[in-house]
Amino acid sequence: MLNSWKFLREANTARVLCHVAESYGITFEQCLENTQLTKQDLYQENFEIQERNELQIIRNILNLISDEHPIALEAGLRHHTTTLGAWGFAILSSANVREALLIAIRYLKLGAIFSDVALQEDGEFTHLNLFHHDLSADMQLFILERDIATIITLQNDILGAQLPFQIDLAMTKPCYANQIEELTGYPIFYEKPQSRITIQSELLLTPLRQADDFTFIRYQKECEHVFRRRKSLGDYSKKIREFLLKNASQMPTIEDISKALAVNVRTIQRNLANEGITFHQLVKNLREDLADDLLLGTDLTIDQISERLGYAEVSVFSRAFKRCKGMPPAKYRKMMQQ
């Protein structure tokens, strides 16, 4: 649920927000106030942030910009499947619209959507209901409009066209409402009982252009892996993981973290143990996640990836990868890209 604010999110949606805000004269530093994040953090590969930090960025922007601008819609229109990791590729490779919706909702926390979403199939029509919790009215409107624009963009990516559907929001009509159809291709109807997208049920069987069973299964497994890992990490483990991510090319030791955070090594070990994980496991899991992303999502050589992950020698990286995946990194990359 939205009101827990504890799930880790990819930093790319926050980075997009800051970029859109820049076009209105708001600096990255202003966007990131009270988050302890830096601009450099948002540009690091695979960097993750807490949900509450993204909410703080939204709050900062809303405090600095006039309500005459559809900034949430502009941000949502920049969220493309290919920038959303395993979640985006699982959607892109789904067989049809219905399968894409189901996989998107199942792993919703991994993507760009911030609302809670429920699929309601009701005979001739199907409703995609969006919910929000414990937020002020302006924050609710921002999140709903960004989510709606994200869904429209993802639809364009997977279909190359716009399906006919109706968009209702249970919010007061904003002053920029006359710009919305030009921006998104759809009118939005405000002051409705329920925030939702309604579509004819038969259109859910529309096949996707890049449907591929092998790719879908591969990224579904990746989503499950990332979802379980993020869900299971405690708050202290997430804090240490964030520090490791910021310095992944040097891969800090526990002693390095102890000095940086001014915390005793034994205290770090005890706090991690209380959350059911060791420092070694945290580093191992992080390296596995980063290696997978760099092998499949970049053109970096095996040597370059080894260096990015803080290994002293490429042979050490190759052995560690083989223990995890059962094959050397080059063979794994070739197999997964066929």
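Here are the criteria: (1) buried (at least 17 other Cβ atoms within 10 Å of the Cβ); (2) closer than 22 Å to ASP134 by Cβ; (3) charged (D, E, K, R). Tell me which single one ARG52 does not satisfy.
Result: ARG52 fails condition (1) only.
Scan the range 171-201 residue by residue and report those that are without any contact (Cβ under 8 Å) to a residue 60 or more places away in the chain and either in contact with a His (Cβ under 9 Å, 6 or more places away or on another chain) or charged (D, E, K, R) (or both). Don't jump to the end; show me each part of the working.
If we filter the range 171-201 for residues that are without any contact (Cβ under 8 Å) to a residue 60 or more places away in the chain, which is where we start, we get 171-173, 177-178, 181-182, 185-193.
The answer is LYS173, GLU181, GLU182, GLU191, LYS192.
Looking only at the range 286-317, filter to residues that are hydrophobic (A, V, I, L, M, F, W, C) and under 22 Å from the mean Cα position of the chain (by Cα); which one of those is nearest to LEU233 (Cα to Cα)?
Residues of the range 286-317 that are hydrophobic (A, V, I, L, M, F, W, C), as a first pass: 286, 290-291, 294-296, 300, 302, 305, 309, 312, 314, 316-317.
With the extra rule that they be under 22 Å from the mean Cα position of the chain (by Cα), the set shrinks to 286, 290-291, 294-296, 309.
Numbers: LEU286: 12, LEU290: 17, ALA291: 20, LEU294: 22, LEU295: 24, LEU296: 25, LEU309: 21 Å.
Here the answer is LEU286.
So how many residues does the range 248-264 have that are surrounded by 10 or more Cβ atoms within 10 Å (Cβ to Cβ) and more than 20 Å from GLU288 (Cβ to Cβ)?
8
Could you check, for the range 145-167, whether at least one of its residues is over 20 Å from the mean Cα position of the chain (by Cα), aliphatic (A, V, I, L, M) and over 27 Å from ARG209 (Cβ atoms)?
For the range 145-167, residues over 20 Å from the mean Cα position of the chain (by Cα), aliphatic (A, V, I, L, M) and over 27 Å from ARG209 (Cβ atoms): absent.
Can you find a residue in the range 18-31 that is of a type in the set (S, T, N, Q) and touching a Phe, Trp or Tyr at 6+ places or on another chain (Cβ under 6 Å)?
Checked the range 18-31: no residue is of a type in the set (S, T, N, Q) and touching a Phe, Trp or Tyr at 6+ places or on another chain (Cβ under 6 Å).
So is GLU145 acidic (Asp, Glu), touching a helix residue (DSSP H, G or I) at 6+ places or on another chain (Cβ under 7 Å) and assigned to a helix (DSSP H, G or I) or not?
Yes, satisfied.
Looking at ILE105, ILE71 in this structure, which one is in the same structural domain as ILE180 (by TED's automatic domain parsing) and surrounded by 21 or more Cβ atoms within 10 Å (Cβ to Cβ)?
Every option except ILE71 fails the conditions.
As an exercise: evaluate GLY326 against (1) surrounded by fewer than 16 Cβ atoms within 10 Å (Cβ to Cβ); (2) within 24 Å of the chain's Cα centre (by Cα) and give the number of the one condition it does not meet.
Of everything listed in (1) surrounded by fewer than 16 Cβ atoms within 10 Å (Cβ to Cβ); (2) within 24 Å of the chain's Cα centre (by Cα), GLY326 misses just condition (2).
Counting just the residues of the range 182-206 that are within 17 Å of LEU154 (Cα to Cα) and surrounded by fewer than 13 Cβ atoms within 10 Å (Cβ to Cβ), which one comes out modelled with the highest pLDDT?
Ranking the candidates gives LEU205 first.
For VAL283, which of the numbered conditions (1) under 26 Å from LYS238 (Cβ atoms); (2) at pLDDT below 85; (3) not charged (D, E, K, R) fails to hold?
(2)
The values are calculated or read from the model by the stated rules, or taken from the named source; none is laboratory data. This is a predicted model, so every value here is computed, not measured. So basically every Cβ, Gly included, is an ideal-geometry build from the backbone, and we count neighbours across all protein chains shown.
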